[in-house]
Amino acid sequence: MRRHLVLRVTTKLLMPFILLFALYVQFHGDFGPGGGFQAGVIFGAGFILYALVYGVENARQVAPDPVIRVIIAAGLLLYVGVGFAGLFLGGKFLDYNVLASDPVSGQHLGILLVEFGVGTTVAATMITIFFTFAGRGQDGS
């Protein structure tokens with residue numbers, strides 16, 4: 001892939017915009033179309049584009065497997081943690097109204113945290129699946 005200079009330069013120029021768009025979709029999800037799942041897919045697709053153009057080994061150096069596993073677990077724990085916080089504060093599981101003194105603020109905070117947890121989990125899971133399939137056959141398996 002070293003000789004494909006146009007692909008490498010174009011990818012390097014597009015990566016910040018892809019990741020910025022993923023963040024926009026992530027944090028605009030409460031007000032319009034989008035949210036955690038869509039943002040996670042966009043972020044994961046951007047990272048996979050990087051891996052396809054610059055090589056899987058370079059991508060593994062950027063995001064090692066142990067780090068990706070921690071991100072998956074952290075996103076899941078954030079989602080579940082918001083649910084249990086609602087329980088501990090006297091509401092139901094994932095009842096956002098009790099997360100703040102004002103129910104509207106509680107809804108906003110709860111949705112923001114849950115969507116962020118979903119987004120990080122989806123992105124890291126996509127990257128893990130890609131790494132799993134991209135690595136097949138390289139070590140004789």
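For the chain, find the longest principal axis of its Cα atoms and tell me its angle to the long axis of helix 5-28, 0 to 90°, nearest 10.
Between the helix axis and the principal axis of the chain, the angle is about 10 degrees.
So how tilted is helix 65-88 from the main axis of the chain? Cα-based, degrees 0 to 90, rounded to 10.
Result, in degrees: 10.
I'd like to know which of 25, 42, 59 lies farthest towards the positive end of the charge dipole of the chain, counting +1 on Cβ of Lys and Arg and -1 on Cβ of Asp and Glu.
Highest projection toward the positive end goes to 59.
Mind pulling the angle between the C-alpha long axis of helix 103-134 and the longest principal axis of the chain? Nearest 10 degrees, somewhere in 0 to 90.
20
What's the magnitude of the charge dipole for the chain around its Cα centre, counting Lys and Arg as +1 and Asp and Glu as -1 at the beta-carbon? Answer in Debye, nearest 20.
640
Just so you know, all these numbers are worked out from the coordinates, no wet-lab data involved. This one's a predicted model, so the numbers in the text were calculated from it and none came from an experiment. Glycine gets a Cβ as well: all are built from the backbone with ideal geometry, and neighbour counts include every protein chain shown.
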